Amino acid sequence: MTVKYTNHFLNKLEGLISETDYTLRYEKGNFQPGYCILKESKIVIINKFFALEGKVNSLIEILWLIKIDTGRLSDTNKKFYAEITRNQSHF
């Protein structure tokens, strides 16, 4: 799978996360990798000042790090999530 740095691809990633238990927020912050995961509260925060490429890369990395119940995902997002997690070494 090829990462596309477009708003459409970012929206697909955001849609995938919206079907999980996690809440995605864009806020100002000095997070070392550009994002913060509050696992107990199930909140993901991404630096809102990141460029599109940074937001996409952060969301992909977050999807590798958090545990997702794929049973809650739509069929489309199950396939999308499988592609993202299968190709971790290619990103």
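Worth pointing out:
- The chain - share of DSSP beta bridges that are antiparallel (%, nearest 5): 45 percent
- Taking label points 7 Å from Cα along the Cα-to-Cβ direction, Val3 and Glu53 give a separation of 1.0 nm.
- Where only C-alpha atoms are counted, convex hull volume of the chain per residue in Å³: 92 Å³
- Relative contact order, percent, the chain [alpha-carbon distance under 8 Å, six or more residues apart]: 31 percent
- Relative to the Cα centre, the charge distribution of the range 3-80, modelled as +1 at Lys and Arg Cβ and -1 at Asp and Glu Cβ, gives a dipole magnitude of about 80 debye.
- On a per residue basis, the chain carries 62 Å² of accessible surface, using protein heavy atoms and a 1.4 Å probe.
- Using the average count of surrounding beta-carbon atoms within 10 Å as a protection proxy, the listed peptides 71-83, 34-46 rank, highest first, as 34-46, 71-83.
- Only helices enter this figure: runs of n ≥ 4 DSSP H residues, each worth -39500 (n - 2.57), summed and divided by the residues of the chain, yield -13000 deg cm²/dmol at 222 nm to the nearest 500.
- Surface composition of the chain: carbon plus sulfur atoms hold 47% of the accessible area, using a 1.4 angstrom probe and ignoring ligands, DNA and RNA.
- For Leu24, the residues whose modelled amide H falls within less than 5 Å of its own, excluding neighbours fewer than 5 places apart on the same chain, are Val44.
The values are calculated or read from the model by the stated rules, or taken from the named source; none is laboratory data. Being a predicted model, the structure only gives us computed values, none of them experimental. As a convention, Cβ positions derive from the backbone with ideal geometry for all residues, glycine included, and neighbour counts pool all protein chains shown. The accessibility values were calculated without ligands, DNA or RNA, using every heavy atom of the protein model including side chains. Shrake-Rupley method; radii C 1.70, N 1.55, O 1.52, S 1.80 Å.
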